[in-house]
Amino acid sequence: MADDYLVRIGKLIRDARQHRGWTQAQLAEALGTSQSAVNRIERGNQNISLEMIARIGEALDSEIVSLGYAGPMHLRVVGGRRLSGAIDVKTSKNACVALLCASLLNRGRTTLRRVARIEEVYRLLEVLNSIGVRARWINDGHDLEIVPPADLDMAGMDQTAARRTRSIIMFLGPLLHRMDRFKLPYAGGCDLGTRTIEPHMIALRRFGLAITATEGLYHAEVETPEPSDKPIVLTERGDTVTENALLAAARKDGVTVIRNASSNYMVQDLCFFLEALGVRVEGIGTTTLTVHGVPVIDVDVDYSPSEDPVEAMSLLAAAVVTESELTVRRVPIEFLEIELAVLEEMGLDHDRTPEYAADNGRTRLVDLTVRPSKLEAPIDKIHPMPFPGLNIDNVPFFAAITAAASGQTLIHDWVYDNRAIYLTDLNRLGGRLQLLDPHRVLVEGPTRWRAAEMMCPPALRPAVVVLLAMMAAEGTSVLRNVYVINRGYEDLAERLNSVGAQIETFRDI
């Protein structure tokens, strides 16, 4: 049997196991074999008989574990349908991946509630499992329990999974407290152009971390840093850079001051989690964070990450472009106030409930009801700013929203090299978007959307924007190879169907 065929079968088995919510150990127990054997099968490193394939299919109740090759997943969208009812916002993708990385700080058991069941989380779990961390879904697959080993097996790291997620870069902060030398593969994720890790290296150098990059790997060495009372000034107010600095400071003995820090939603969730670990963090929600580190963290912690403001924006945009009345519940309002202010100026008819607390007890939530509205293009351009400005990841949704408005809108996506280019994919669906340069798009509305068949853009938010436009277009559209959407959204098609959409998932035969 060819090696590439074994790899394909292994991926099918892994995906079916994760869909069932099982760990490798649970599947091994059902099969009467060892976890290491299941690990080898899923990596394509072990010959597997037809009988074993059948037994795995029966154990997982999955027909996709078969001799056939399950190709990429596609979506078939019957558009022109109005949405109605109510839909809940899931927990934050970016918070969940940061908390998975943060679990490496703790010697005790970490329990995370209502973790997003998305590909980005699955890739990180594969990496964690491969280095010896015991991570398993509990409570019918809703929550995640993480128990680290005394010593991490960095040589056993699943390099393939690690390269498929940019979040792997946030292993640097926790790992520098656990070992003197280690290697990580280059970070992957969405195709958004070149993004340097230099700000991470500058920040973590203060904790004794030195990194050299060769042959697709970051080679890290940790030495005792020179004592210093100077604050760490981040050269970029980035979310992951701030998180890495927080993760490094959490176990540093003494006080660390981080300036020009991001105060975005995932950073705040990480700060709340660190406080649950016993690390005191002052200045949460500001650009100056003071961290009182704890050299040894060994506690059993139970934490609920907050809801995802970008998913909330996605659902609001779905209602706007389909001219629907829809209630979006559990919206983290603090992180959508600028977006809603812009939409109000454009003429959006909506209301909100009084605020209530998220499960973490800190994040403020509301329920938002959006109604069909006659929108006018905003007077000012749409552009992102660090929190509390308009969220960088919410900019693409305004391409679809302003396409539904009367007039011209300039969208300036200055952060990423390539993302604005992908927004012009809306032209395939009847949009009138003119690319002025790699960062600026001029949108002309209103748009009469039309159905089309097209490939999914390789960036998460533009991919969802295309899906939303397909939902608004009369007729049947096909969006091919939607893995990138599954990286950031849990069961998005099924959940949209629950409020009136008609989206079918399928694979090529």
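The values are calculated or read from the model by the stated rules, or taken from the named source; none is laboratory data. Because the structure is predicted, anything quoted here is derived from the model rather than measured. In this analysis, Cβ positions are derived from the backbone assuming ideal geometry, glycine residues included, and neighbour counts consider all displayed protein chains. Calculation scope for accessible area: heavy atoms of the full protein, side chains included, ligands and nucleic acids excluded. Shrake-Rupley method; radii C 1.70, N 1.55, O 1.52, S 1.80 Å.
Just a few scattered comments:
- Within segment 389-427, if we keep just the residues that are among the small types (Gly, Ala, Ser) and touching a residue at least 40 places away in the same chain (Cβ under 8 Å), the residue that is nearest to Phe335 (Cα to Cα) turns out to be Gly389.
- Scanning segment 1-19 for residues being at pLDDT 70 or above, closer than 24 Å to Ile138 by Cα and of a type outside the set (Gly, Ala, Ser) gives a total of 7.
- Test: residue in segment 236-253 that is more than 27 Å from the chain's Cα centre (by Cα) and either at positive phi or open to solvent by 30 Å² or more (accessible area, probe 1.4 Å) (or both): yes
- Residue within segment 369-376 that is modelled with pLDDT of 95 or more, open to solvent by less than 70 Å² (accessible area, probe 1.4 Å), touching a helix residue (DSSP H, G or I) at 6+ places or on another chain (Cβ under 7 Å) and not in a strand (DSSP E or B) present: yes
- A single entry from Leu436, Leu479 fulfils the requirement of being among the hydrophobic types (A, V, I, L, M, F, W, C) and within 27 Å of the chain's Cα centre (by Cα): Leu479.
- Here Lys183 meets the list (1) without any contact (Cβ under 8 Å) to a residue 40 or more places away in the chain; (2) out of contact with any Phe, Trp or Tyr (no Cβ under 9 Å at 6 or more places or on another chain) almost entirely, failing just condition (2).
- Residue within segment 338-348 that is acidic (Asp, Glu), open to solvent by 10 Å² or more (accessible area, probe 1.4 Å) and not in a loop (DSSP other than H, G, I, E, B) present: yes
- Residue within segment 54-64 that is out of contact with any strand residue (DSSP E or B) (no Cβ under 9 Å at 6 or more places or on another chain), crowded, with 18+ Cβ neighbours inside 10 Å and at pLDDT below 80 present: yes
- Checked against the criterion of being under 19 Å from the mean Cα position of the chain (by Cα) and open to solvent by 20 Å² or more (accessible area, probe 1.4 Å), the candidates Asp359, Asp393 yield just one match: Asp393.
- Only listed residue being in the same structural domain as Glu311 (by the TED database) and open to solvent by 10 Å² or more (accessible area, probe 1.4 Å), chosen from Leu468, Leu496, Leu442: Leu442
- Tally, over segment 471-493, of residues that are buried (at least 21 other Cβ atoms within 10 Å of the Cβ) and under 20 Å from Arg448 (Cα atoms): 5
- In segment 258-300, the residues that are over 25 Å from Met385 (Cα atoms), assigned to a helix (DSSP H, G or I) and open to solvent by 10 Å² or more (accessible area, probe 1.4 Å): Glu275, Ala276
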